[in-house]
């Protein structure tokens with residue numbers, strides 16, 4: 001893809017998490033490819049343990065690939081735990097993501113037209 005930078009899953013580190021604690025209230029987001037103008041986009045999200053992305057909807061089909069740490073994805077009365085290497089399918093309903101410990105995930109979204 002012209003102009004695309006290579007993806008580096010080592011880009012977000014524990015040092016980044018500590019550095020951004022005050023700035024982003026326990027969360028750091030880096031768009032690694034795509035963007036709101038593209039159908040497919042990937043976003044790396046780092047969350048300090050105990051922090052969460054509050055209830056929200058998704059603009060299309062989405063997955064969460066857990067790169068490090070442990071997370072809990074909740075939708076309605078259902079919950080799924082994720083550990084390094086797990087790929088969680090994000091339900092098409094209101095959901096939230098909580099870091100059970102310092103975590104880094106890769107969110108992939110294919111935006112619906």
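Restricted to region 85-110, and to residues that are under 13 Å from the mean Cα position of the chain (by Cα) and not in a strand (DSSP E or B), which residue is farthest from residue 48 (Cα to Cα)?
My answer is 86.
Please determine, by comparing only the residues of region 54-82 that are modelled with pLDDT of 95 or more and part of a loop (DSSP other than H, G, I, E, B), which one is farthest from residue 100 (Cα to Cα).
Among residues in region 54-82 that are modelled with pLDDT of 95 or more and part of a loop (DSSP other than H, G, I, E, B), the one farthest from residue 100 (Cα to Cα) is 69.
Does residue 79 count as surrounded by 13 or more Cβ atoms within 10 Å (Cβ to Cβ) and either without any contact (Cβ under 8 Å) to a residue 60 or more places away in the chain or on the phi > 0 side of the Ramachandran plot (or both)?
When the stated conditions are applied, residue 79 does not pass them.
Of the residues 35, 3, 50, which single one is over 22 Å from residue 89 (Cα atoms), assigned to a loop (DSSP other than H, G, I, E, B) and either in contact with a strand residue (DSSP E or B) (Cβ under 9 Å, 6 or more places away or on another chain) or modelled with pLDDT under 50 (or both)?
3
Based on this model, can you work out whether residue 85 counts as under 25 Å from residue 40 (Cβ atoms), surrounded by fewer than 16 Cβ atoms within 10 Å (Cβ to Cβ) and either at pLDDT 95 or above or out of contact with any strand residue (DSSP E or B) (no Cβ under 8 Å at 6 or more places or on another chain) (or both)?
yes
The values are calculated or read from the model by the stated rules, or taken from the named source; none is laboratory data. The structure displayed is predicted, hence computed values, not measured ones. Note that each Cβ is placed from the backbone with ideal geometry, even for glycine, and that neighbours are counted across all protein chains shown.
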